[in-house]
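The values are calculated or read from the model by the stated rules, or taken from the named source; none is laboratory data. Keep in mind that what you see is a predicted model, and the values were worked out from it rather than measured. With ideal geometry, Cβ positions are generated from the backbone for all residues, glycine too; neighbour counts draw on all protein chains shown. These area figures cover heavy atoms from the full protein model, side chains too; ligands, DNA and RNA do not enter into them. Shrake-Rupley method; radii C 1.70, N 1.55, O 1.52, S 1.80 Å.
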Amino acid sequence: LAGHVEGLLHVLGVGWCWDNESCENNWKRIHGTSNGFSKTEAELKPRADMYLNTGIFDPKRSPIKDAHIAFVKSCSNDAFMGDKSPPDPEKLPPWPYRKAEDGWHFRGRRIIEATFLHLRESVGMGTQIGDRVVYGGCSSGARGAMVSLDYVATKLAGLAQVVGLLDSAIWLPIRPQAHTLVFFGQQTREFLPFANASVFLDEDCVRGFPPRDRYKCLEGAFRLPFLRAPFFLMHSQYDLFGI
């Protein structure tokens, strides 16, 4: 619509961690900080050219090719769900020596809030009726977008209409064939207090489970029926990673 603002906000999926042991993985340590992020436009351009030229990001063929794009990298290992800082951030050891339980920042919620605030201040997103935001992600990013979709639609997007675009958000709640892998339900149960993701527990969903199972409201198989904002969902029927 002429005069209105369209935006695509995509949060990147790189997994999550749920206890000190899982956070010790090198992949998690790399994605637990923004220290290694590109800082200048010249440094960012090669990555933008690599990621932002196909599919929904295609600058010529995408149905929202003229939208403002916010491509949000992960630096807090919490699938954009957490809201927890170290108890004493002024007395932390250097990054390589910190333990996740009391030395990491899980700030996915604040990252999402800051991104929407930036879009409002920079391009006026959500300041008028008729603005539209496509909000989503892939894998763990999609799971984060799923549980925060209604929060975004009611508290962050202003007057803009919000539509979710969730790519591989379900992660099946079944025990994996490989017994060395941690069951996704156990991951989620431990993650909820570990990263303080309670702000995204939908009240209606929570009422449907006993207190010990409230973590299920962060899992797609249980949470999707409670979403109120409209969304598109894509997920492979045979997702090997999920099983």
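Key figures for this structure:
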| quantity | calculated |
| --- | --- |
| Of residues in segment 94-107 being free of Cβ contacts under 8 Å to residues at least 60 places away in the same chain and assigned to a helix (DSSP H, G or I), the one most open to solvent (accessible area, probe 1.4 Å) | Tyr97 |
| Residue that is nearest to the chain's Cα centre (by Cα) [pool: residues in segment 60-93 that are open to solvent by less than 80 Å² (accessible area, probe 1.4 Å) and free of Cβ contacts under 8 Å to residues at least 40 places away in the same chain] | Ser85 |
| Hey, Val199 within 18 Å of the chain's Cα centre (by Cα), in contact (Cβ under 8 Å) with a residue 24 or more places away in the chain, outside any loop (DSSP other than H, G, I, E, B) and surrounded by fewer than 13 Cβ atoms within 10 Å (Cβ to Cβ) or not | yes |
| Condition check for Leu166: in contact with a helix residue (DSSP H, G or I) (Cβ under 6 Å, 6 or more places away or on another chain), in contact (Cβ under 8 Å) with a residue 24 or more places away in the chain and open to solvent by less than 10 Å² (accessible area, probe 1.4 Å) | yes |
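Per-residue answers, yes or no, for (1) assigned to a loop (DSSP other than H, G, I, E, B); (2) open to solvent by 30 Å² or more (accessible area, probe 1.4 Å); (3) in contact (Cβ under 8 Å) with a residue 40 or more places away in the chain:
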{"residue": "Arg109", "(1), (2), (3)": "no, yes, yes"}
{"residue": "His118", "(1), (2), (3)": "no, yes, yes"}
{"residue": "Glu121", "(1), (2), (3)": "no, yes, no"}
{"residue": "Gly137", "(1), (2), (3)": "no, no, yes"}
{"residue": "Gly141", "(1), (2), (3)": "no, no, yes"}
{"residue": "Val147", "(1), (2), (3)": "no, no, yes"}
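Quick grid of which residues meet (1) under 19 Å from Tyr215 (Cβ atoms); (2) within 19 Å of the chain's Cα centre (by Cα):
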{"residue": "Glu121", "(1), (2)": "no, no"}
{"residue": "Val134", "(1), (2)": "no, yes"}
{"residue": "Gly144", "(1), (2)": "yes, yes"}
{"residue": "Ser148", "(1), (2)": "yes, yes"}
{"residue": "Tyr151", "(1), (2)": "yes, yes"}
{"residue": "Leu159", "(1), (2)": "no, no"}
{"residue": "Pro176", "(1), (2)": "yes, no"}
{"residue": "Arg189", "(1), (2)": "yes, yes"}
